[in-house]
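Report on the structure given below.
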Amino acid sequence: MKRLLACVTALLWLAATATLAAESKRAAADQPLPQVRFETNRGTFDVELYPKRSPATVAQILTLVDARYYDNLIFHRVIANFMIQTGGFDKDLRYREPPQQIVNESPNGLFNRPGYLAMARTDDPDSAAAQFFINLKNNFHLNAQRGSPGYTVFGKVTNGWEVIEDIAGSDTSPRQGISAALPDIPVIILRARRL
C-alpha cells in the first residue's frame with residue numbers, strides 16, 4: 001500500500017510539474033513583442049522587435065530607446081530602392097558615440113526584406129552598436145551566407161510605411177565623413193519610445 005501511495009504521489013508530482021512547465025511556455029509565447037514608436041519630422045512609424053531571434057540586439061535597442069539615445073538623431077544614409085539608415089549623427093552632424101558593440105546574430109532565420117530592420121556594422125561582423133537600417137527591398141546579399149555573417153535583422157515596421165517611403169524619396173548629396181547619401185533636408189527622429 002505504501003508503494004502504491006508513493007507511486008501515485010510521484011505520478012501526481014510529475015503531472016503537476018509538466019502542467020506548470022506547459023503553462024509557463026504558453027505564457028511566454030503569449031507575451032506581446034516589444035514595440036517602439038519613432039516620431040520624426042516627416043511622420044511617425046512603429047516597429048516590432050524579435051527578442052527570441054535576436055536577443056542581444058533587441059536588448060541593446062531597447063536600452064538605447066529607454067536612454068533616449070535616438071532622440072534628435074537623423075537618417076544620415078538614404079538610398080532609394082535599398083535602405084534608410086539612422087543611429088549615428090544628430091541634426092548638426094555631430095557623431096553620437098555608441099555604447100558597446102554587440103555580437104552578430106545574423107544567422108537567426110530573419111531576412112533583409114522590405115520593412116525589416118537590421119543592424120549596420122563595419123566589416124567586423126561584431127561591430128554593430130546603435131546604427132540600424134530599414135530595408136526598402138529584398139536585400140538578400142545582406143543575409144548570412146555559408147561561412148559569411150550577414151547583417152542582423154531584429155524587427156519590422158508595422159505601421160507608418162508611408163513615412164518610410166517618404167524618407168526614402170529624399171533628395172540626397174554626399175557629405176565627406178558622414179555619408180554618400182545624406183538627405184538635403186534633415187530627417188530627424190524627434191523621439192523614440194516603447195509602446
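The values are calculated or read from the model by the stated rules, or taken from the named source; none is laboratory data. Owing to the predicted nature of the structure, the values given are computational and were not obtained by experimental measurement. When we count neighbours, we look across all protein chains shown, and the Cβ atoms used for this are built from the backbone with ideal geometry, even at glycine.
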Using the structure shown, decide if TYR116 is surrounded by 15 or more Cβ atoms within 10 Å (Cβ to Cβ) and farther than 22 Å from ASP184 by Cβ.
-> yes
Evaluate the following for PHE140: is it touching a Phe, Trp or Tyr at 6+ places or on another chain (Cβ under 8 Å), exposed (fewer than 13 other Cβ atoms within 10 Å of the Cβ) and more than 19 Å from GLN35 (Cβ to Cβ)?
-> yes
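A quick yes/no check of all residues on (1) assigned to a loop (DSSP other than H, G, I, E, B); (2) within 20 Å of ASP71 (Cα to Cα); (3) modelled with pLDDT of 95 or more; (4) touching a Gly at 6+ places or on another chain (Cβ under 6 Å):
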position: THR122; (1), (2), (3), (4): yes, no, yes, no
position: ALA129; (1), (2), (3), (4): yes, yes, yes, no
position: PHE133; (1), (2), (3), (4): no, yes, yes, no
position: GLY150; (1), (2), (3), (4): yes, no, yes, no
Report, by residue number, each residue of the stretch 39-53 that is touching a Gly at 6+ places or on another chain (Cβ under 8 Å) and surrounded by 20 or more Cβ atoms within 10 Å (Cβ to Cβ).
-> PHE45, VAL47, LEU49, TYR50
So ILE74, is it crowded, with 22+ Cβ neighbours inside 10 Å, among the β-branched types (Val, Ile, Thr) and in contact with a helix residue (DSSP H, G or I) (Cβ under 9 Å, 6 or more places away or on another chain) | no
Go through the residues of the stretch 31-43 one by one and say whether even a single one is of a type in the set (Lys, Arg) and within 25 Å of ASN138 (Cβ to Cβ).
-> yes
Please enumerate the residues belonging to the stretch 161-195 that are free of Cβ contacts under 8 Å to residues at least 40 places away in the same chain and either surrounded by 12 or more Cβ atoms within 10 Å (Cβ to Cβ) or hydrophobic (A, V, I, L, M, F, W, C) (or both).
-> GLU165, ILE185
Among the residues of the stretch 130-175, count how many are under 11 Å from the mean Cα position of the chain (by Cα), of a type in the set (A, V, I, L, M) and over 17 Å from PRO107 (Cα atoms).
-> 3
Pairs where the first residue, in the stretch 66-90, is more than 16 Å from GLY115 (Cβ to Cβ) and the second is acidic (Asp, Glu), C-beta under 7 Å, 6+ apart | ASN72/ASP90; LEU73/ASP90; ILE74/ASP90
